[in-house]
Structure formats: C-alpha cells, structure tokens
Amino acid sequence: MPTAMSVSDLADVLFASPLQASDDPSPEQVRAVIEDRLRACDEDIADCVACVAQEAGDHPETYRERMRWALRAADRIGSAALAAH
C-alpha cells in the first residue's frame, strides 16, 4: 500500500469502491474496502481517480453527496490508521 496517502486519496479510493453510504459501514469496513480496492488496482491511485472522474461525468447529480460521504468516512479512519494495518 502506498505509504503517503492523504484523506483525499483515501476518499478517492473509497469513492471508487462498491461500498455505499446506505450500508452504514463501520470504520473497519471502510478500511477493509479501501485496502481491497487498492490491491485490485495494483495500488495505483490514479486508477481510482480516473474512476471518480468517470462517475462524476456520468452521474453529476450524485457525485457531490457520494464524495462528501467518502471524505467523511476517510477522515474517520485517517491515513495513519490505514498505514498501521
């Protein structure tokens, strides 16, 4: 896993995952999904960012709310907590 990931990076990875805010995920679930998504894209954050851009273009009406959720969830787990696992 990349060692220097900001909350924004974590949010991009989470945004690109199948996890939904309506799932009411725990911090542990958020952490696991981010780690799984990073492994799936060979730890290439650019792949996740491309997915975010695609979704923003395809679904502008839901982008803002999903990104807000992803940022809040990523902030709750923090990059230090993710790196510790």
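Each value in this text was obtained by applying a stated rule to the coordinates, not by laboratory testing. If you're wondering where the values come from, they're calculated on a predicted model, not measured in any experiment. Positions of Cβ are backbone-derived with ideal geometry, glycine not excepted, and every protein chain shown enters the neighbour counts.
Tabulated results
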| item | result |
| --- | --- |
| Residue satisfying all of: in the range 12-40; in a loop (DSSP other than H, G, I, E, B) and more than 12 Å from the chain's Cα centre (by Cα); surrounded by the most Cβ atoms within 10 Å (Cβ to Cβ) among these | P25 |
| Residue in the range 41-66 that is farthest from S6 (Cα to Cα), counting only those that are among the small types (G, A, S) and surrounded by 14 or more Cβ atoms within 10 Å (Cβ to Cβ) | A56 |
| Subset of the range 15-30 (residues that are under 17 Å from G78 (Cα atoms) and of a type in the set (A, V, I, L, M)) | V30 |
